[in-house]
Amino acid sequence: MKKNYALLVLAFFALFLNTKIFAQNAVITVTDDYASIPNGSTTTIAVQDVLDNDTYSGMPATLSNVSFLSVSSSSNALTLNQNNGSVIFSNGPVPVGTYQIDYSIGGTNSFLGSFWGSVYVNIGCDELNAPIITSTAPQNCSTSTTTVNVSGLPAGTWTIYGPGGTLMSGTGSSAVLTNVNPWISWIKVRNYQGCSSPPAYLNVSFLNASMVGHYTDTNADGIPSVGDVIHYSFNVTNNSTCTITNIGRVYGVIPSVGNIASLAPGATDTTTLSYDYTLTQADINAGKVTKSMGIGGSAGSATQSTYTTLSYTNFLNITDGIKLVAFVDTNANGIQDAGESPLQNGQFTYQISDDGVMHNINASGFSYLYEVNPANSYDISFSVYAPYLGFYGAAPTLNNITVPNGSGITTYYFPVTITPYIDLGVYMYGNDPRPGFTHTVNLTYANHGSQIIPAGTVTFNNIDGQTITNISVSGTIATANGFVYNFTNLAPGESHLITITLQTPTIPTVALGDLVHFEANIAPTADDIRLNNNHAVLTQTIVGSYDPNEKYEAHGGRVMHAAFSTDDYLTYTITFENTGTANAEFIRITDELDSKLDETSLMMINASHSYTLNREGSTLTWFFDDIQLPPSVTNTNIGHGFVTFQVKPKVGYALGDVIPNTANIYFDFNPAIVTNTCTTEFVQNLSNTTFALDQLYYAPNPVQDQLTITNNSPIEKLSMTNTLGQVVLEQTIQSAEAQINLSSLKSGVYFVKATAQKQSKIFKIVKE
């Protein structure tokens, strides 16, 4: 997240409570959990109930008023039991260290979105308490940093770090942190074992400020309406030893709040700054209003460090609306009975009052449309993604749906019958490799079908021989080029992420611009209705540096035209990272698909956090409401996010066609971060470079028994793998032309790798 660090000072008042400031409506607050347990093979309860320190409307959160929406973990050492909220340690012993599991919850009878929390468990670590902040020096106008005295540090070598990274390393039970910036909101200590403590919260800001939004029912009709007003008031305290002048708005969507001419050391102002905001129809449709802004002032040479960021959310008390539920109607009775699961392989489409504007909402269990105008009418339909149309019956279409005042939330069901089918999928994305550094490849495997897969296998092939330094799951079986991972009982709609860390060699072993390739396969493929998503190829370019907010397509910018069929998709990933110092409260991504792409073929594959996807024509918008994405932490997935989706080119794509695509990422109310322009070109052949294999040709494709391969220089060797990643043929060539006998191979899709002069090219063939 490319924010000027001076504009990212935390709203410390809110952060000390480890929550946001909310209006007095039904809200959820989530507090992180910390635990330490012994290491070993015994299954252990690490945390009895993660909800114990969470709240719903100011009361304890329990499974009677909240439910788990999502759970993710970087290791299979920890699991969260969604029936009772306990965190279980199993599959030990594991390497000593701190392990993390994340979860999101939402209200069982409310529409607040998802709220994320984390559980940190020290396994096999020495006892490790939060550092004790014994004193802090007040800020002064001659410097933008301060000094913090810390005690209670662990024995041996330790490292103290904050949201921005390492602050100090050393030994001893106490330390003096110098040059501490005012936007450091917390510190943790990591001991010699690599184990981390709970946080100790810091307040070393020049200004301590808070904001509150008071909703006023202007027309006294009892419901939020267009024209109602939210009045924002601000409480500002000068924490420094110097007078701060000209305090007011420095950035944000709130245009003006007034100005505090001067605030003496230790003084507080509660009346000068204010702002009135008038509700719009968009606010009512969203069901809430969130306003963020920065307040700053002048403090001599330390002026830039006086800025602080504030945010406030009013949840509108809207009681009228439409809830949309599409589900698999197993017994075809038109009623969602117990055990009949919601549908995710599709989308809702609606228009309001026959205005001709079609809105498409990705189905993720259920969706809400709020309404306060009884004159508006809705036409609503549901459809499954195109590849699955033949396995589902048609859902009913609802026309002229209105929302009378006082009608509450009315649920409309879209029952769909189903013919059982199997569809496994595997996908990859990752950040570009850099010489001498590690990088990650993220592999997602998913069950898109309607039946539990009792057992299966994921295979990862590291084609260009980079060194694998870590795999996020245990139980993998090493192979010559990668690993095999066996999974069990993969439920319909279930997906899992495997993060592979790899080491890139240094220059001159590699050169900037070189391509590296990775393959992944998933099995079983018997009876799978879509074989083209059982295999994934990721091509990446070795770069000198990379932008953490980027967009790319899995083919690496070049698609072999002859090997790409009308059943194949382009797979795009948009990645984002919070490189600032404060939580990103909400994130929005927009993407205008190129005219050569068929927007109606769009399918979501995966996302790092709960989201809503809205498509209007070729314009895609992802909403990550209340994502609370923390500042990123080096060598972890903390502070990172992504969306992965597939879309087909329109019929008629030709050799030489280039499809560009760019996305815009919005963190809170900041200006858009524009990603790189991702281009995909349909080419005759693929190559790593324009040298040794630039003139490689092969024919025919599809092939029956004999494949002819020619090149402008001798081909040294050739290998062929099937869609399971198994090598089915290896042959030394040492010639510029070769005839490859394929008569012993079964019909299917194969991937051929040709090597010459330490360079390689991969292409796909179809054996008839």
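The values are calculated or read from the model by the stated rules, or taken from the named source; none is laboratory data. Model, not experiment: these values are computed from the prediction. Here Cβ is always computed from backbone atoms with ideal geometry, including for glycine, and neighbour counts include all displayed protein chains. Surface accessibility is based on the protein's heavy atoms, side chains included, excluding ligands, DNA and RNA. Shrake-Rupley method; radii C 1.70, N 1.55, O 1.52, S 1.80 Å.
Worth a mention:
- Of everything in segment 227-242 that is β-branched (Val, Ile, Thr) and free of Cβ contacts under 8 Å to residues at least 60 places away in the same chain, the residue that is farthest from PRO182 (Cα to Cα) is VAL229.
- A single entry from SER719, SER687 fulfils the requirement of being under 41 Å from the mean Cα position of the chain (by Cα) and at pLDDT 80 or above: SER719.
- Residue satisfying condition, being buried (at least 16 other Cβ atoms within 10 Å of the Cβ) and modelled with pLDDT under 85, within set GLY287, GLY296, GLY248: GLY287
- Residue match in segment 44-55 (condition: within 25 Å of PHE487 (Cβ to Cβ), at pLDDT 90 or above and not aliphatic (A, V, I, L, M)): yes
- Just one of (1) in a strand (DSSP E or B); (2) modelled with pLDDT under 80; (3) buried (at least 18 other Cβ atoms within 10 Å of the Cβ) fails for SER713. It is (3).
- First in segment 317-331 and modelled with pLDDT of 85 or more, second anywhere and in a loop (DSSP other than H, G, I, E, B) and open to solvent by 50 Å² or more (accessible area, probe 1.4 Å), Cβ under 6 Å, 6 or more apart: PHE327/GLN336; VAL328/SER341; ASP329/THR417
- Spans of strands (runs of 3 or more DSSP E) in segment 550-624 with at least 1 residues free of Cβ contacts under 8 Å to residues at least 40 places away in the same chain: 597-607, 619-624
- Within segment 625-673, being within 23 Å of MET603 (Cα to Cα) and without any contact (Cβ under 8 Å) to a residue 40 or more places away in the chain holds for GLY652, VAL658.
- Lone qualifier among PRO387, PRO454, PRO396, PRO420 - being of a type outside the set (Val, Ile, Thr), in a helix (DSSP H, G or I), open to solvent by 30 Å² or more (accessible area, probe 1.4 Å) and out of contact with any Leu (no Cβ under 8 Å at 6 or more places or on another chain): PRO387
- The residues of segment 576-607 that are under 20 Å from VAL71 (Cα atoms) and either of a type in the set (S, T, N, Q) or touching a Cys at 6+ places or on another chain (Cβ under 8 Å) (or both), listed by number, are ASN583, ASN606.
- Filtered residues of segment 256-271 (kept if open to solvent by 20 Å² or more (accessible area, probe 1.4 Å) and either more than 26 Å from ASN670 (Cβ to Cβ) or free of Cβ contacts under 8 Å to residues at least 12 places away in the same chain (or both)): ALA261, SER262, ALA264, PRO265, GLY266, ALA267, THR268, ASP269, THR270, THR271
- A Cβ distance below 9 Å, combined with a sequence gap of six or more or placement on separate chains, defines the contacts here; from segment 383-395, residues that are over 16 Å from PRO415 (Cβ atoms) reach residues that are assigned to a helix (DSSP H, G or I) in the pairs PRO387/ASN533.
- Criterion (at pLDDT 85 or above and open to solvent by 20 Å² or more (accessible area, probe 1.4 Å)) met by exactly one of ASP527, ASP514: ASP527
- Check on VAL473, outside any strand (DSSP E or B), over 23 Å from ASP527 (Cβ atoms) and β-branched (Val, Ile, Thr): yes
- The set of residues in segment 216-242 that are within 20 Å of LEU273 (Cα to Cα), among the β-branched types (Val, Ile, Thr) and surrounded by fewer than 16 Cβ atoms within 10 Å (Cβ to Cβ) comprises THR216, VAL229.
- Residues in segment 392-411 that are over 30 Å from the mean Cα position of the chain (by Cα) and of a type in the set (Phe, Trp, Tyr): 0 in all.
- Failed criterion for PRO38 (all others in (1) within 25 Å of the chain's Cα centre (by Cα); (2) of a type outside the set (Val, Ile, Thr); (3) open to solvent by 40 Å² or more (accessible area, probe 1.4 Å) hold): (1)
- The residue that is most open to solvent (accessible area, probe 1.4 Å), counting only those in segment 174-201 that are out of contact with any strand residue (DSSP E or B) (no Cβ under 6 Å at 6 or more places or on another chain) and either among the charged types (D, E, K, R) or within 17 Å of LEU128 (Cβ to Cβ) (or both), is TYR192.
- Residue check for TYR275: open to solvent by less than 60 Å² (accessible area, probe 1.4 Å), over 26 Å from the mean Cα position of the chain (by Cα), aromatic (Phe, Trp, Tyr) and under 28 Å from ASP217 (Cα atoms): yes
- Scanning segment 690-700 for residues that are open to solvent by 50 Å² or more (accessible area, probe 1.4 Å) and either part of a loop (DSSP other than H, G, I, E, B) or modelled with pLDDT of 80 or more (or both) turns up THR690, PHE691, ASP694, GLN695, PRO700.
- Index of the failed condition, GLY493 passing every other in (1) in contact with a Ser or Thr (Cβ under 8 Å, 6 or more places away or on another chain); (2) open to solvent by less than 60 Å² (accessible area, probe 1.4 Å); (3) in a strand (DSSP E or B): (3)
Let's see how each residue does on (1) over 29 Å from the mean Cα position of the chain (by Cα); (2) open to solvent by 50 Å² or more (accessible area, probe 1.4 Å); (3) charged (D, E, K, R):
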| position | (1), (2), (3) |
| --- | --- |
| GLY124 | yes, no, no |
| SER142 | yes, yes, no |
| VAL150 | yes, no, no |
| LEU153 | yes, no, no |
| GLY156 | yes, no, no |
| PRO163 | no, no, no |
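- Filter result for the condition that a residue is assigned to a strand (DSSP E or B), surrounded by fewer than 19 Cβ atoms within 10 Å (Cβ to Cβ), touching a residue at least 24 places away in the same chain (Cβ under 8 Å) and β-branched (Val, Ile, Thr), over THR349, THR309: THR349
- Residues of segment 182-226 satisfying the condition of being without any contact (Cβ under 8 Å) to a residue 40 or more places away in the chain and among the aliphatic types (A, V, I, L, M): ALA220
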